[in-house]
Amino acid sequence: MAYLLRGRIQYVDEQYSFALDDFNNAIRLDPSTESFVARALCHLKIGDHGGACGDATRAAAIDPTDPNPIYIRMKAHLERGDSEAAAVSSHIPCLMVRRPLGPRDRQRSPILK
């Protein structure tokens with residue numbers, strides 16, 4: 001838990017390489033959805049879309065009811081310009097049309113706050 005908390009602080013401070021190290025240690029000690037989601041977000045920040053998708057997939061396998069891994073996987077695909085893969089990975093075909101996020105989207109998602 002300490003690695004996860006320190007990694008979050010480093011993430012907020014934009015020290016992504018240090019945050020990744022701590023998230024790696026957190027996963028080694030306790031491979032939880034929370035730690036995979038945190039590392040996936042860090043991968044997104046540094047532009048590692050493959051790493052983000054992989055961690056999001058692992059997080060979804062641990063807790064299929066958590067929407068955050070699906071969002072992260074979709075965001076990674078969209079950032080690399082693959083809206084079709086984003087729609088397929090989300091299992092929601094209507095998301096093939098990309099729209100900008102609005103203020104209500106940011107209020108609903110704990111990731112975007």
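The values are calculated or read from the model by the stated rules, or taken from the named source; none is laboratory data. Here the structure is a predicted model, which means the values were calculated and not measured. A quick note on method: Cβ atoms are made from the backbone with ideal geometry, for glycine too, and the neighbour counts reach across all protein chains shown.
Things worth noting here:
- Filter result for A56 (in contact with a Pro (Cβ under 6 Å, 6 or more places away or on another chain) and in a helix (DSSP H, G or I)): yes
- Any chance S89 is farther than 22 Å from Y11 by Cα, of a type in the set (S, T, Y) and either out of contact with any Ser or Thr (no Cβ under 6 Å at 6 or more places or on another chain) or part of a helix (DSSP H, G or I) (or both): yes
Okay, residues lined up against (1) loosely packed, with under 15 Cβ neighbours inside 10 Å; (2) basic (K, R); (3) modelled with pLDDT of 90 or more:
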| residue | (1), (2), (3) |
| --- | --- |
| A40 | no, no, yes |
| L44 | no, no, yes |
| D55 | no, no, yes |
| A60 | no, no, no |
| G81 | yes, no, no |
| E84 | yes, no, no |
| C94 | yes, no, no |
| S109 | yes, no, no |
| L112 | yes, no, no |
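- Segment 23-32 - residue that is assigned to a helix (DSSP H, G or I) and within 16 Å of the chain's Cα centre (by Cα) and, of those, surrounded by the most Cβ atoms within 10 Å (Cβ to Cβ): F23
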